[in-house]
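Participant: Below is a structure I'd like to ask you about.
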Amino acid sequence: MLKRTFGFGIAVLLVLAMLSGCGQKEAKEIRIGVFEPMTGSSAAGGQMTWEGIQLANELYPEVLGKKVVLYLEDNKTDKNEAANAVTRLIEQKKVVAIIGSYGSGLSMAAGPIVMKNKIPTVGCSPTNPLVTVDNPYYFRVCFIDPFQGKVMAKYAYNDLNARTAVIIRDVQDPYAVGLAQYFKEAFIALTGKTDSILAELEYNTGDQDFTAQLNTAAGKKPDVIFAPGAYGDAAIMIRQARQMKINCPFLGGDTWEAPEFIQIGGEAVEGAALSTHYSAQAPGTEAAKTFVEAYRKKYNKEPNAFAALGFDAYCLILDAINRAGKAEPQAIRDAIAATKNFKGVTGTITLDENGDANKSAVILQVKDGKFVYLTTVEPD
Amino acid sequence: MSTRGDKGIIRIIVVAVVLALLLAWAEGDLAFIGIGPWDAYFVRILNLAAINAVLALSLNLVNGFTGQFSLGHAGFMAVGAYTTSLLVMTPQMKKTVFFMEPMFEPLDRICIPFLPALLIGGAVSCVFGVLVGIPALRLKGDYLAIATLGFAEIIRLVLQNVRRLTNGALGLKGIPHVVNLWWTFGVGIAVFLFFRGFVRSSFGRALIAIRENETAAELMGIDIFRHKLLAFAISSFVTGVGGGLMASLLTTIDPVMFKLPTTFQILLTVVLGGMGSLSGSVIAAFIVTFMTEFLRVVEEPIHLGVWSIQGIPGLRMVIFSALLVIVVVFYPRGLLGNKELTWENLSSPVSRLFRRRVAS
Amino acid sequence: MTWSLFWSNLANAVSLGSLYSLVAIGYTMVYGILRLVNFAHADLLMVAAYAAFYGVLVFRLPFAISVLLAIVLTAGVGVLIERRAYRPLRDSPRITAMISAIGVSFLLENLGLVLFTGRPKSFPVPGFLGASTDIAGIRVTNITFVIVFVTAILLLLLLYVIHKTKTGIAMRALARDFDTARLMGVDVDSVISLTFAIGSALAAVGGIMWALKFPQINPLMGMMPGLKCFIAAVFGGIGNVVGAVIGGFLLGVAEIMLVAFLPSVSGYRDAFAFIILIATLLFRPTGLLGEKIGEKV
């Protein structure tokens, strides 16, 4: 019996597959591919980004009078799958541009493929500098780690008068490792002392007990603790610190900017400061207001940086298609490369010669259970 | 007898020529006579399937033929992939990639061709296999499985922490893309033929004897430990080569690639094909690789005339893992059990099917 | 290191260790009877945490009731997994059941990612549990007391069931010699179902305690605790309930002290746990308290 059901299930799948294959042939549409981790260990990031991209597609469904159709491929947080997904988008879906992916490693797996096929690709949140190096077809709408590290180091040095710091990072997370390194370099440059970073402590993805690291950090009596990493881990770390009566200020990066950071951290994260891509409260971002309102309406929750970056990546490509006047990969690439002062949700984006977004960062602080805008830091 | 032997040789030649023509066509090597290359997406999956077949074969040698259940595959893959990559990357690229902490001298200046690098990758992986095997192979059954799992995780954690050698979590990029169908299928066929000869040799029979009854095998005078260790070493070598091919296909690697789920996926492939069947492993590797890709359609919006069903991202993996559980529970022997696919039994199920039709 | 820092570390170590103990008991029970490394056990932590989460936040149930329901539900899922995925394989080699467990674990995680999304969610913690108390100048979180207390109660309860009830005797008989127990008239199926129900309920308690101590939940939250607690169970002597508790405590203490005394190798903390695992398997495969298991020929 079961065998028969099983067989029947497969038959249904096959039929559905064929039918879905027939349905796709629609003329006069512009196809944009998306590859994001919808499953696997980075599923959270991919799903958040996808929400933003879908929202953008709903608000701006057309360009050059043609419908824009999104094709999503899951990359399973796996490099092989990322490479397959991108190849599939290019070969089977015939997309003219690609958005993705959360996770610099996944983006790097796609890099050589999009370059070979000359399909412009815009990353939403891969902040590792290596992603766009030597690749004229890879761009991104986020700033890169060296800038973000510098921003936080300056904030710690100038605004908090910090002269010593401890770093706690997830050794498995390229984002955290990279950002921590740039913070360290910038902070040492500011203080002029190589020993101003008192300790660099590490944990692994999945660890939830940071008490030993925190006790060690507290023993060094630093002015600030810099702990870039996933928002959930960071919130739990700060909670544990406050429970242990460690009152040192915590600083982090853009991954912290999610409503769950405050929900999980509760009162403990009050006063924690982070650098991120945008704030609805920052002056002069009309796009951000539209985005925040539409996001709240569609998903009934507060937006986060990844959704905003997904939104921007989509809009940037649409803007480039508009400027190019045609939906051809090469023309779109050239138009994207020439992007100047694009008004996105996450700020005004100008792409430099590497294809990296040269744009401002904002610093937020948690106050009364909300992210409060502190200041905007312009790029050098 | 002689006619049978001749037939066998002719068969092999025919198969080899057909396969070579297909590969040449797929890779675009026949473009000069107007036959273009295949869809790059399809070629990529073929490459991946062949690499997965290599990995499944090597796991099967230990888990299926020798009956020693190892879960350390990802660790050896990592060793092979990192060794190969670090040897073939250009010094220029190494400088770009190791931007956080410079690389160890003199490795940062070494750059050798792919083939020797791949073999050295296998050899280093083999050394690790022996180092792990000497203590671990004294254990049996699930204890061995857990110990090898632990070793693999330790290897990965070391790769993650020794930044001056591996660039840590940031991983490597810019590994030359040398691999094509000739490489992957070439290595795959070589490994398959070697393993087939190996398991038929007296050494291979001894391994099977160990699997079937270790005490009896020992009583017959088989040096159990030496046999297990050799099987483990060969398996690690091939796994390392598979890892090296994977690195070149992807051009970028990082430690997270080699976590436990990677081992599990290969293990499930071996189980699907049948523990103790080489051809089963190869077939299962192709089925699994193609099916994960094929199942992507369930995540896409489906248009049935007027209806439109929103795609559910992630559904593919649910279906895939559910199918695997069903296979393991209802067909624990896998596709082929411990039999091999041969010309003779290839034709028999077909004829049996027809016979049954007639009978009913 | 000052003494006050040491005591503070020790308090945290005990807190972490007691949590490891709680989850390790469930592993050890299933292994003791079926000799099955139940990889899916780790994912039951996740199932329980999400069940309690939805009970409180979506169905608006009082905290205690949703916790109870979550435990019952998880026990049911555990029994279902045993019946569908392990029972058909009972006469196959032990390794086959382990492969099935790996498959089930895969399935639960992927199902979780589709149903709950991968985004970590905030687990509701009743106010008093989030606070901490001063004991002789050392701060201990209130949840620690609860975890230690719950672990102790469950351990005593379990010891009572195993040693004083008829079912418990049947369980031990199965653990010692499966076939003989069957011949002696032990109802194998129902005893194993009960074992899974108890083991899964323990996983549920462990998962909810985990979520209370570390209040972020995601579909992959069980993976790391699962491995760690399994290591604790092996370390203590797999199959032995008291051993699992001791193993859990020692692993917690060892992990924290490693980072406390050697902060520069904090990145190797997980590797350290695996080294404990391998050393145990090689030098004392029966663990600290385990009985010698004769290899059947």
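The values are calculated or read from the model by the stated rules, or taken from the named source; none is laboratory data. Since the structure is predicted, the reported quantities are computational estimates derived from the model, not experimental observations. A quick note on method: Cβ atoms are made from the backbone with ideal geometry, for glycine too, and the neighbour counts reach across all protein chains shown.
Participant: Is it true that some residue in region A:74-93 is assigned to a strand (DSSP E or B) and among the hydroxyl-bearing types (Ser, Thr, Tyr)?
Facilitator: No, there is no match, as no residue in region A:74-93 is assigned to a strand (DSSP E or B) and among the hydroxyl-bearing types (Ser, Thr, Tyr).
Participant: Restricting the search to region C:77-108, which residues are buried (at least 24 other Cβ atoms within 10 Å of the Cβ) and in contact with a Lys or Arg (Cβ under 6 Å, 6 or more places away or on another chain)?
Facilitator: none
Participant: When you check residue C:45 against the structure, is it within 10 Å of chain A (Cβ to nearest Cβ), within 29 Å of residue C:86 (Cβ to Cβ) and either in contact with a Pro (Cβ under 7 Å, 6 or more places away or on another chain) or surrounded by 24 or more Cβ atoms within 10 Å (Cβ to Cβ) (or both), yes or no?
Facilitator: Spelling it out, it is not the case that residue C:45 is within 10 Å of chain A (Cβ to nearest Cβ), within 29 Å of residue C:86 (Cβ to Cβ) and either in contact with a Pro (Cβ under 7 Å, 6 or more places away or on another chain) or surrounded by 24 or more Cβ atoms within 10 Å (Cβ to Cβ) (or both).
Participant: Being at the interface with another protein chain (Cβ under 9 Å from one of its Cβ atoms) and not acidic (Asp, Glu) is the filter here; which residues of region A:170-181 pass it?
Facilitator: Hits for region A:170-181 are A:171, A:172, A:174, A:175, A:176, A:177, A:178, A:181.
Participant: Within the group A:51, A:58, which residue is at pLDDT 90 or above, within 14 Å of chain C (Cβ to nearest Cβ) and not in a strand (DSSP E or B)?
Facilitator: After applying the criteria, what remains is A:51.
Participant: Please count how many residues of region C:81-102 are in contact with a Leu (Cβ under 8 Å, 6 or more places away or on another chain), under 14 Å from residue B:63 (Cβ atoms) and among the aliphatic types (A, V, I, L, M).
Facilitator: 3
Participant: Looking only at helices (runs of 4 or more DSSP H) that fall completely inside region C:154-235, which ones have 3 or more residues that are within 14 Å of chain A (Cβ to nearest Cβ) and within 18 Å of the chain's Cα centre (by Cα)?
Facilitator: C:188-213
Quick grid of which residues meet (1) in contact with a Lys or Arg (Cβ under 9 Å, 6 or more places away or on another chain); (2) free of Cβ contacts under 8 Å to residues at least 60 places away in the same chain; (3) surrounded by 24 or more Cβ atoms within 10 Å (Cβ to Cβ); (4) not assigned by TED's automatic domain parsing to the domain that holds residue B:227:
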{"residue": "B:74", "(1), (2), (3), (4)": "yes, no, yes, no"}
{"residue": "B:98", "(1), (2), (3), (4)": "yes, no, no, no"}
{"residue": "B:101", "(1), (2), (3), (4)": "yes, no, no, no"}
{"residue": "B:107", "(1), (2), (3), (4)": "yes, yes, no, no"}
{"residue": "B:112", "(1), (2), (3), (4)": "no, yes, no, no"}
{"residue": "B:115", "(1), (2), (3), (4)": "no, yes, no, no"}
{"residue": "B:119", "(1), (2), (3), (4)": "no, no, no, no"}
{"residue": "B:124", "(1), (2), (3), (4)": "no, no, no, no"}
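Yes/no per residue for (1) free of Cβ contacts under 8 Å to residues at least 60 places away in the same chain; (2) crowded, with 20+ Cβ neighbours inside 10 Å; (3) over 28 Å from residue A:98 (Cβ atoms); (4) not assigned by TED's automatic domain parsing to the domain that holds residue A:247:
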| site | (1), (2), (3), (4) |
| --- | --- |
| A:269 | no, yes, yes, no |
| A:272 | no, yes, yes, no |
| A:282 | no, no, yes, yes |
| A:300 | yes, no, yes, yes |
| A:306 | no, yes, no, yes |
| A:326 | no, no, no, yes |
| A:331 | yes, no, no, yes |
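Participant: Just checking, which of C:24, C:48 is within 30 Å of residue A:50 (Cα to Cα) and within 17 Å of the chain's Cα centre (by Cα)?
Facilitator: Only one candidate passes the filter, namely C:48.
Participant: Can you name every one of the helices (runs of 4 or more DSSP H) wholly within region B:61-169 that holds 3 or more residues which are within 14 Å of chain C (Cβ to nearest Cβ), of a type in the set (D, E, K, R) and on the phi > 0 side of the Ramachandran plot?
Facilitator: Answer list for region B:61-169: none.
Participant: Among the residues of region A:163-186, what is the count of those that are touching a strand residue (DSSP E or B) at 6+ places or on another chain (Cβ under 7 Å), of a type outside the set (Val, Ile, Thr) and surrounded by fewer than 23 Cβ atoms within 10 Å (Cβ to Cβ)?
Facilitator: 1
Participant: Check off (1) part of a loop (DSSP other than H, G, I, E, B); (2) farther than 17 Å from residue B:147 by Cα for residue C:267 and give me the number that stays unchecked.
Facilitator: Tallying (1) part of a loop (DSSP other than H, G, I, E, B); (2) farther than 17 Å from residue B:147 by Cα, residue C:267 fails exactly one: (1).
Participant: Among the residues of region A:35-53, which ones are free of Cβ contacts under 8 Å to residues at least 40 places away in the same chain and surrounded by fewer than 24 Cβ atoms within 10 Å (Cβ to Cβ)?
Facilitator: A:47
Participant: Of the residues B:219, B:249, which single one is within 13 Å of chain A (Cβ to nearest Cβ) and either surrounded by fewer than 22 Cβ atoms within 10 Å (Cβ to Cβ) or at pLDDT 90 or above (or both)?
Facilitator: B:249
Participant: Which of the residues that make up region A:218-268 are among the basic types (Lys, Arg) and assigned to a loop (DSSP other than H, G, I, E, B)?
Facilitator: A:220, A:221, A:245
Participant: Sort out which residues of region A:250-288 are within 14 Å of another protein chain (Cβ to nearest Cβ) and on the phi > 0 side of the Ramachandran plot, and write them in order of number.
Facilitator: A:266
Participant: Further question on the same structure: From A:194, A:205, grab the single residue that is out of contact with any strand residue (DSSP E or B) (no Cβ under 6 Å at 6 or more places or on another chain), of a type in the set (Ser, Thr, Tyr) and not assigned by TED's automatic domain parsing to the domain that holds residue A:47.
Facilitator: The match here is A:194.
Participant: Follow-up question, since we're still on this one. Taking the residues in region A:127-157 that are among the charged types (D, E, K, R) and either modelled with pLDDT under 90 or part of a loop (DSSP other than H, G, I, E, B) (or both) as candidates, determine which candidate is surrounded by the most Cβ atoms within 10 Å (Cβ to Cβ).
Facilitator: Only one residue tops the list, namely A:145.
Participant: Also, I was wondering about something else. Quick check: is even one residue across region B:181-199 touching a Pro at 6+ places or on another chain (Cβ under 7 Å), within 14 Å of chain A (Cβ to nearest Cβ) and part of a helix (DSSP H, G or I)?
Facilitator: No, every residue in region B:181-199 fails to be touching a Pro at 6+ places or on another chain (Cβ under 7 Å), within 14 Å of chain A (Cβ to nearest Cβ) and part of a helix (DSSP H, G or I).
Participant: Confirm whether residue C:133 is out of contact with any helix residue (DSSP H, G or I) (no Cβ under 8 Å at 6 or more places or on another chain), over 30 Å from residue B:148 (Cβ atoms), without any contact (Cβ under 8 Å) to a residue 24 or more places away in the chain and of a type in the set (S, T, N, Q).
Facilitator: For residue C:133, the condition - out of contact with any helix residue (DSSP H, G or I) (no Cβ under 8 Å at 6 or more places or on another chain), over 30 Å from residue B:148 (Cβ atoms), without any contact (Cβ under 8 Å) to a residue 24 or more places away in the chain and of a type in the set (S, T, N, Q) - is not met.
Participant: Based on this model, can you work out whether residue A:112 counts as in contact with a helix residue (DSSP H, G or I) (Cβ under 9 Å, 6 or more places away or on another chain), within 8 Å of chain B (Cβ to nearest Cβ), part of a helix (DSSP H, G or I) and surrounded by fewer than 24 Cβ atoms within 10 Å (Cβ to Cβ)?
Facilitator: Yes; evaluated as a whole, the condition is true for this residue.
Participant: Sort through A:376, A:346 and tell me the only one that's surrounded by 21 or more Cβ atoms within 10 Å (Cβ to Cβ), under 21 Å from the mean Cα position of the chain (by Cα) and not hydrophobic (A, V, I, L, M, F, W, C).
Facilitator: A:346
Participant: Of the conditions (1) assigned to a helix (DSSP H, G or I); (2) within 12 Å of chain C (Cβ to nearest Cβ); (3) in contact (Cβ under 8 Å) with a residue 12 or more places away in the chain, residue A:212 clears all except one; give me its number.
Facilitator: Answer for residue A:212: the failing condition is (3).
Participant: Which residues, taken from region A:215-238, are farther than 28 Å from residue C:223 by Cβ and within 7 Å of another protein chain (Cβ to nearest Cβ)?
Facilitator: Of everything in region A:215-238, just one residue is farther than 28 Å from residue C:223 by Cβ and within 7 Å of another protein chain (Cβ to nearest Cβ), namely A:219.
Participant: Ok, one more. Please report, ordered by residue number, the helices (runs of 4 or more DSSP H) entirely within region C:26-132 with at least 1 residues that are at pLDDT below 85.
Facilitator: By residue number, C:94-116, C:127-130.
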